[in-house]
Amino acid sequence: GMAGRPGRHNRAMDFKQIEYFVQVAELGSFTRAASVLRVAQPALSRQVRALEVDLRQTLFDRNGRGVTLTEAGKRLLAHGRGILQQVQRARQDLEDQRGAASGLLSIGLPPSIGRTLTAPLVDVFRTHFPKATLTMMEGLSTTNLEWLASGRIDCAVVYNATPSAAFDLQPVLDEQLFLLSARPPASRARAAAGAAQPLAKGITLAELAALELVIPSRPHTIRMKLETTLAEAGFKPRVALEIDSVPAMLDLLQRHPLHAVLSLNAIRGGEREAAFLARPILLGAGRPALTTSLWIATSSQRPRWPLLDQAVPLLAALLADRLAAPAAPTTAARRAAGRMPGPQV
């Protein structure tokens, strides 16, 4: 307490006292705080009183109905929360040092791969980070980057990322885009029965420009990519409907003579594959296929922590593994697999 000469603090602020003070401040009552902290109320009052004596400030106005913060109390609360968070971080960090990374990681995925990836991602996470909690959000690349910038998510899988100072970007693979159409019933039955399908003929940009498309709205990356590619060849897409949901697009293709431009992952798995015909888009002699590139973005503005550093390479490996074309992995996927950076220091 008050030993020593006046005006000299000879006792450091006690961490427990700060914890008690913050609890009382947040709950507005000593009684409630005592029950949450599981301490006897007289002991709690004593600790907070000692803190007031130590700081030579009244922190609470005590009234019949509980307590309210004084100006000094409000200022200490702002510091106190920060201190508690720092200590929590330090504990977490030492815990991570000792073993499995823990904490909360939230990942943003584009809708086109959310379905393919959610279950395997949860499995990988349970295996590698049993102590961690994973949350997943689905959003278009532009939305995911906004969420990443605002801190709602910790990392995002995005298409065709433009370099920016705000994000660290790691390339994962290039996905080829195909023209998807509903199969006619006869060919569909053969496909469902597992009969070998003749490879669908490619489609030229001129032929593509004549078809009615169901297409995502701007600034969806596939939309931008397709418009740019057609424009370079002097064409414009015929947009029948703008729809951002991949499942909804596929339902429409089955009901109407419409087409969509998507990657094969949109129809991978289940009975979906048999229902659609996928045609490669031909860009002319010697030009590569029409592709979109997939990246993992993290914020360059916020500090990294062990869980994020360890999760990014796993996510990259999982994407390359799940999304690479089944026949031959694209060179980008092979490159990504061979050149997967470890944690960025």
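Out of the residues in segment 246-262 that are surrounded by fewer than 21 Cβ atoms within 10 Å (Cβ to Cβ) and not aliphatic (A, V, I, L, M), which is modelled with the lowest pLDDT? So, considering only residues that are surrounded by fewer than 21 Cβ atoms within 10 Å (Cβ to Cβ) and not aliphatic (A, V, I, L, M), the one modelled with the lowest pLDDT is P247. Listed by position, the strands (runs of 3 or more DSSP E) inside segment 103-201 whose residues that are at pLDDT 85 or above and either of a type in the set (F, W, Y) or closer than 19 Å to L262 by Cα (or both) number at least 2 are 155-159, 167-182. If you filter segment 233-245 down to residues that are at pLDDT 90 or above and charged (D, E, K, R), you find that the one that is surrounded by the fewest Cβ atoms within 10 Å (Cβ to Cβ) is K236. Quick test for you: out of S141, S217, pick the one residue that is farther than 30 Å from D93 by Cα, open to solvent by less than 20 Å² (accessible area, probe 1.4 Å) and not aromatic (F, W, Y). None of the others qualify; the one that does is S141.
Pairing residues of segment 127-150 that are closer than 16 Å to L315 by Cα with residues that are part of a loop (DSSP other than H, G, I, E, B) and open to solvent by 80 Å² or more (accessible area, probe 1.4 Å), at Cβ distances under 8 Å and at least 6 apart in sequence or on separate chains, gives M137/R152.
A search for C-beta distances below 9 Å between a residue of segment 225-254 that is farther than 20 Å from Y159 by Cα and any residue that is open to solvent by 60 Å² or more (accessible area, probe 1.4 Å) and outside any loop (DSSP other than H, G, I, E, B), counting only pairs 6+ apart in sequence or on different chains, returns R238/E212; V239/E212; A240/E212; L241/E212; L252/L241.
On the phi > 0 side of the Ramachandran plot and open to solvent by less than 70 Å² (accessible area, probe 1.4 Å), is that true of G202? Judged against the criteria, G202 is not a match. Does L84 meet the test of being at pLDDT below 95, of a type outside the set (S, T, Y), open to solvent by 20 Å² or more (accessible area, probe 1.4 Å) and under 30 Å from V157 (Cα atoms)? The answer is no for L84. When L177 is tested against the conditions (1) under 25 Å from S293 (Cβ atoms); (2) surrounded by fewer than 18 Cβ atoms within 10 Å (Cβ to Cβ); (3) more than 19 Å from the chain's Cα centre (by Cα), the lone failure is (2).
The values are calculated or read from the model by the stated rules, or taken from the named source; none is laboratory data. These numbers come from a predicted model, not from an experiment. Because the Cβ atoms are built from the backbone with ideal geometry, glycine has one as well, and the counts that use them run over all protein chains shown. Side chains included, ligands, DNA and RNA excluded: accessible areas come from the protein's heavy atoms. Shrake-Rupley method; radii C 1.70, N 1.55, O 1.52, S 1.80 Å.
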